[in-house]
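Chemist: So that we are looking at the same thing, I have put the structure below in structure tokens.
The values are calculated or read from the model by the stated rules, or taken from the named source; none is laboratory data. Just so we're clear, the structure is a prediction, and the values are computed from it rather than from any experiment. Methodologically, a virtual Cβ is constructed for each residue, glycine included, from the backbone with ideal geometry; neighbour enumeration extends over all protein chains shown.
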Amino acid sequence: MPAIETDIREFVTDNFLFGRKNVSLSGDDSLLEEGLIDSTGVLELVMFIEGKFDVTVEDEDLVPDNLDSINCLISFIESKLEEAK
């Protein structure tokens, strides 16, 4: 599992699943529809992304296409890191 995915899964497990390792979460499962995060959770997720990956999440980035699943988050972070090069 690539490092970005590992970091995201660890954060989601620790902060939204409260450490429950037995919950199956595929890369495409919607974090919002599964009830794992709400608007406050999105803010926590953004703070984690900015701190861990040293990228800036702009207001226009706050859309489900970027933040609603593990796979969306990976793609979003990779694109932000590519922009920063």
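Chemist: Give me the residue from segment 57-66 that is of a type outside the set (Asp, Glu) and either at pLDDT 95 or above or not in a helix (DSSP H, G or I) (or both) and, out of that set, surrounded by the fewest Cβ atoms within 10 Å (Cβ to Cβ). First the steps, then the outcome.
Modeler: Narrowing segment 57-66 to residues of a type outside the set (Asp, Glu): 57, 62-64, 66.
The next check asks that each one be either at pLDDT 95 or above or not in a helix (DSSP H, G or I) (or both); those that pass are 57, 62-63, 66.
On the way: Val57: 19, Leu62: 14, Val63: 11, Asn66: 19.
The residue in question is Val63.
Chemist: Restricting to segment 35-56, count the residues that are under 16 Å from Glu82 (Cβ atoms) and outside any helix (DSSP H, G or I).
Modeler: So the count comes out to 3.
Chemist: Among what's in segment 12-30 and is under 15 Å from Leu73 (Cα atoms) and outside any loop (DSSP other than H, G, I, E, B), pick the residue that is modelled with the lowest pLDDT.
Modeler: Only one residue tops the list, namely Thr13.
Chemist: Can I ask one more? Test Ser75 against the criterion of being surrounded by 11 or more Cβ atoms within 10 Å (Cβ to Cβ), in contact (Cβ under 8 Å) with a residue 24 or more places away in the chain, of a type in the set (Gly, Ala, Ser) and over 13 Å from Asn15 (Cβ atoms), and give yes or no.
Modeler: Details: surrounded by 11 or more Cβ atoms within 10 Å (Cβ to Cβ): yes; in contact (Cβ under 8 Å) with a residue 24 or more places away in the chain: no; of a type in the set (Gly, Ala, Ser): yes; over 13 Å from Asn15 (Cβ atoms): yes.
Judged against the criteria, Ser75 is not a match.
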